[in-house]
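Derivation of every value follows stated rules applied to the coordinates shown; laboratory data play no part. Keep in mind the model is a prediction, meaning the values are calculated, not measured. Please note: Cβ atoms are built from the backbone with ideal geometry, for glycine as well, and neighbour counts cover all protein chains shown.
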Amino acid sequence: GQILWQQTAQQVHNLVRAVAPPYPGAFTDWEGQRRIVARTSLIGPFPEELDLQAPGIQVVDNQVFGVCGDQRAVAILDWFPADS
């Protein structure tokens with residue numbers, strides 16, 4: 001299912017877990033490419049550079065995060081292009 005970054009971090013994390021491969025996976029679009037998010041973590045610490053007011057994908061120090069509607073983040077531990 002499509003990740004709706006306006007949802008809470010817990011809801012996003014639960015969606016990713018529920019539909020992770022071998023199921024079709026949770027997806028998001030980033031820089032014009034559809035990507036499957038296969039694994040996330042709610043456990044920080046998270047970088048201070050994250051803009052918690054801006055839901056969506058953010059990259060800090062080569063690490064990928066999803067900022068959610070509750071102004072919390074999930075660390076994206078595994079993701080890949082949907083067409084792979």
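What the table below lists for this structure:
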{"item": "Pairwise FRET efficiency - PHE80 versus LEU52, Cβ, R0 = 25 Å, nearest 0.05", "result": "0.45"}
{"item": "Coarse-grained scattering of the chain at q = 0.13, 0.18 Å⁻¹, given as base-10 log I(q)/I(0) from a Debye sum over alpha-carbon atoms", "result": "-0.34, -0.67"}
{"item": "Assigned charges on the beta-carbon of Lys, Arg, Asp, Glu; the chain dipole about Cα centre (debye)", "result": "360"}
{"item": "Ranking of VAL19, VAL60, VAL67, VAL37 by count of other Cβ atoms within 10 Å, fewest first", "result": "VAL60, VAL19, VAL67, VAL37"}
{"item": "Using θ = phi - 60° and Karplus 6.51 cos²θ - 1.76 cosθ + 1.60, couplings along the range 59-73 (whole Hz; Gly, Pro as x)", "result": "10, 10, 6, 6, 10, 9, 10, x, 8, 10, x, 8, 6, 10, 10"}
{"item": "Under the Karplus curve 6.51 cos²θ - 1.76 cosθ + 1.60, θ = phi - 60°, whole-Hz ³J(HN,Hα) for the range 9-24, x wherever Gly or Pro sits", "result": "4, 5, 5, 5, 4, 5, 4, 4, 5, 5, 10, 4, x, x, 6, x"}
